[in-house]
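Presented below is the structure to which this report refers.
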Amino acid sequence: MWDERLRRMQIMTYIVLGVIVLLVVRLGWLQLVQGAQYKKIAEENRVRQVVTQAPRGTIYDRNGTVLVTNRPSFAISIIPAEYTSPEQETPLLAGIIGITTEKIETMIRQGEKFPYTPLRLKRDVDQVAIARVEERKRYLPGVIIEAVPVRHYVYKELAAHLCGFVGVISEEEYDQGKNMGYHPNDLVGKDGLEREWEKTLRGKNGGRRVEINASGEEVGALEDKPSIPGNAIVLTLDVNLQKAAEEALAAQVAASGKMGEPAKGGAVVVLDVRTGGVLAMASNPSFDPNVFAVGISNSNWEKIITNPNNPLTNRVIQSTYPPGSVFKIVTASAALNMGLTSREEIFEDKGVYVLNGWSFYGWETTGLGRLNIVDGIAWSSDPLFYELGRRLGADNLAAYALTFGLGNPTGIQLAGEEAGVVPSIEWKRANYGEEWYPGETLIAAIGQGYYLVTPLQQALLAMAVATGGVIHRPLLVDKTITPEGNVIQAYQPEIARTVYLRPEVWDTVRQGMRAVIEKGTAAAVFTGFPRAVAGKTGSAETGKGTTHSWFACYAPYENPEIAVAVLIDEGGEGSMAAAPVARHILEAYFGLQEQPLPPQPKTD
């Protein structure tokens, strides 16, 4: 009996010792081998590490006026690692902030790789939403209220197409930028300068380490690494001139509409001919980029994309039109430079030009009479330019158009620039499988047919005449600076191309453009204007019974400073719609008092 009890006690002793040994080994394994890992887990349970969003850099105009900055706001966000009860939390949270549960679930999946980076479910929330979240804090572990900067476009629609807008990073953008520190719910530039200067404007995110209790509430700060704001850019833009351009453009679009024209919108660009600096760039209709800054609503997005006049399109660079009679600058330059006409030659404008039995009419069907080439430019004589087109031929005309930069992007640092079209005999054969007809050369010589240009290209055409052939690359950013105002880099003018014509050719073309203002198609618009201006009107037929209104000019005539191009999309004749807008802009540039404009006669 005693031996049996002793044997059982020994077995129990061995079992107890075995358990103790196992516990000691396990404890040693946890402390010595996995101690660092569990210490980290425990620390993360006690400490919350939150990324703080850096403010984007400010955008200034040339005079230091703030165009785009940041304003403080609050966001309702999720810390994925602490969002422990999604089945209960997600429906509750969706009801509070007014977004779908599906959207919350999608955002959580996208942020799985960054468990302690806040997923901002809704930005720029009001105090009511904040209070509702705070009231239910105990039911919403992992949900926090963040103070985050929101992009603020000070003048709303003003220069919207130039400045652009920001939005939540797309999957494709994230894949490209994740190695540079981007996170799935970061805001990035989507269009305009915001997009092109993303690397400059983007700041460096900071972070906070805060102690939290079992309920996920912050009880103390352990470390705060401040974010670093992005660098700023200073534009060549003049905000006062921009305002004048947009107001004049919008007023004329409305006025053309009241006169029975479709008037779908328009564009204005003002360039410094000495540097290529963009002083103003306006596209109508416009939009308010602030609606994108916190995530555009479905209703606002629907309103924008269903607008048939495409407010997101920057007509200055992204829309192309037949150049109309502004193109006669190219035709005249080519014919004079090739010796196919001269300043002294006299043409007879009878209102119609006949080629191979086909009649081609001018805008003045009764004829303009005897004209030299200066008069032909002044009065925009179609028959005169039909004859010059016949002498030149389609390919010579195309070669000079290419020399002036038409048919090629200008190199402006904005996405989506259209190159336009410069047609040649081979171009038509390649694109249409047809031969070129002689009559098409006549049409091309007056800027109709297959030719397509952007308003920016028309402004550069005027610049070329003003400078005697020097065409600068359009410059948008004058310099980049630190948040403290120290210059990082200043950008110098860059010559994009030079058009080499004989000096007397430039003189003759300039005289013709000056005559447009003094006695020609724009004389009524510029009556009493105290500065010497040289310009060219244009009325480009659309083929639908409507007309695009063009005007391109430079000033002052003797010592040029700026070039201006104006387009009113289906706005009527050049002198009736586009030219008055240019006058208003020139008045603003030269600081002149506006004078009431006299009635304008019907001209090209």
Next item on the list: Go through region 251-283 and give me each residue that's small (G, A, S) and either assigned to a strand (DSSP E or B) or in contact with a helix residue (DSSP H, G or I) (Cβ under 6 Å, 6 or more places away or on another chain) (or both).
Entry: A263, G265, G266, A267, G277, A280, A282, S283
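Quick grid of which residues meet (1) over 30 Å from V268 (Cα atoms); (2) free of Cβ contacts under 8 Å to residues at least 60 places away in the same chain:
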position	(1), (2)
Y321	no, no
S325	no, no
V330	no, no
E344	yes, yes
K350	yes, yes
Y353	yes, no
N356	yes, no
F360	yes, no
Next item on the list: Within region 454-470, track down each residue that is within 27 Å of the chain's Cα centre (by Cα) and surrounded by fewer than 24 Cβ atoms within 10 Å (Cβ to Cβ).
Entry: V470
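Which strands (runs of 3 or more DSSP E) does region 324-365 wholly contain that include 2 or more residues that are modelled with pLDDT of 95 or more and either within 18 Å of G449 (Cα to Cα) or basic (K, R) (or both)?
Once the strands (runs of 3 or more DSSP E) in region 324-365 are filtered for at least 2 residues that are modelled with pLDDT of 95 or more and either within 18 Å of G449 (Cα to Cα) or basic (K, R) (or both), what remains is 352-355, 358-361.
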Item checked: Test set (1) within 23 Å of T101 (Cβ to Cβ); (2) among the basic types (K, R); (3) in contact (Cβ under 8 Å) with a residue 40 or more places away in the chain - R132 fails condition number -> (3)
Notebook entry, point to check: Looking only at helices (runs of 4 or more DSSP H) that fall completely inside region 110-219, which ones have 2 or more residues that are closer than 30 Å to V239 by Cα?
Noted result: 160-163, 192-196, 198-201
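For (1) out of contact with any Leu (no Cβ under 8 Å at 6 or more places or on another chain); (2) modelled with pLDDT of 95 or more; (3) buried (at least 23 other Cβ atoms within 10 Å of the Cβ); (4) of a type in the set (F, W, Y), each residue gets a yes or a no:
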{"site": "N240", "(1), (2), (3), (4)": "yes, yes, no, no"}
{"site": "D272", "(1), (2), (3), (4)": "no, yes, no, no"}
{"site": "F292", "(1), (2), (3), (4)": "yes, no, yes, yes"}
{"site": "S297", "(1), (2), (3), (4)": "yes, no, no, no"}
Next item on the list: Could you grab me the full set of residues in region 414-453 that are assigned to a loop (DSSP other than H, G, I, E, B), surrounded by 18 or more Cβ atoms within 10 Å (Cβ to Cβ) and touching a strand residue (DSSP E or B) at 6+ places or on another chain (Cβ under 8 Å)?
Entry: G420, G447, Q448, Y450, Y451
Notebook entry, point to check: Going by the structure shown, is T527 among the β-branched types (V, I, T), closer than 25 Å to Y450 by Cβ and either in contact (Cβ under 8 Å) with a residue 40 or more places away in the chain or out of contact with any strand residue (DSSP E or B) (no Cβ under 8 Å at 6 or more places or on another chain) (or both)?
Noted result: no
Notebook entry, point to check: Here is a list of conditions, (1) surrounded by 23 or more Cβ atoms within 10 Å (Cβ to Cβ); (2) modelled with pLDDT under 95, and G543 meets all of them except one; can you say which number that is?
Noted result: (1)
Notebook entry, point to check: Which pairs have Cβ atoms under 7 Å, sit 6 or more apart or on different chains, and link a residue in region 275-288 that is at pLDDT below 95 to one that is assigned to a strand (DSSP E or B)?
Noted result: none
Next item on the list: Would you please list the contacts, defined by Cβ atoms under 9 Å and residues six or more apart or on different chains, that run from a residue in region 484-503 that is in the same structural domain as I59 (by TED's automatic domain parsing) and on the phi > 0 side of the Ramachandran plot to a residue that is exposed (fewer than 12 other Cβ atoms within 10 Å of the Cβ) and among the polar types (S, T, N, Q)?
Entry: none
Note to self: Need the failing condition index for L384 against (1) free of Cβ contacts under 8 Å to residues at least 40 places away in the same chain; (2) of a type in the set (A, V, I, L, M); (3) surrounded by fewer than 21 Cβ atoms within 10 Å (Cβ to Cβ), just the number.
What the structure shows: (3)
Checklist line | Pair list, Cβ < 6 Å and 6+ apart or interchain, from region 230-258 residues that are within 12 Å of G571 (Cβ to Cβ) to residues that are at pLDDT 95 or above and in a helix (DSSP H, G or I) | finding: L249/V581; Q252/V581
Checklist line | From the options G295, G277, G265, G339, residue that is within 27 Å of G571 (Cα to Cα) and among the small types (G, A, S) | finding: G265
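The values are calculated or read from the model by the stated rules, or taken from the named source; none is laboratory data. Keep in mind that what you see is a predicted model, and the values were worked out from it rather than measured. Methodologically, a virtual Cβ is constructed for each residue, glycine included, from the backbone with ideal geometry; neighbour enumeration extends over all protein chains shown.
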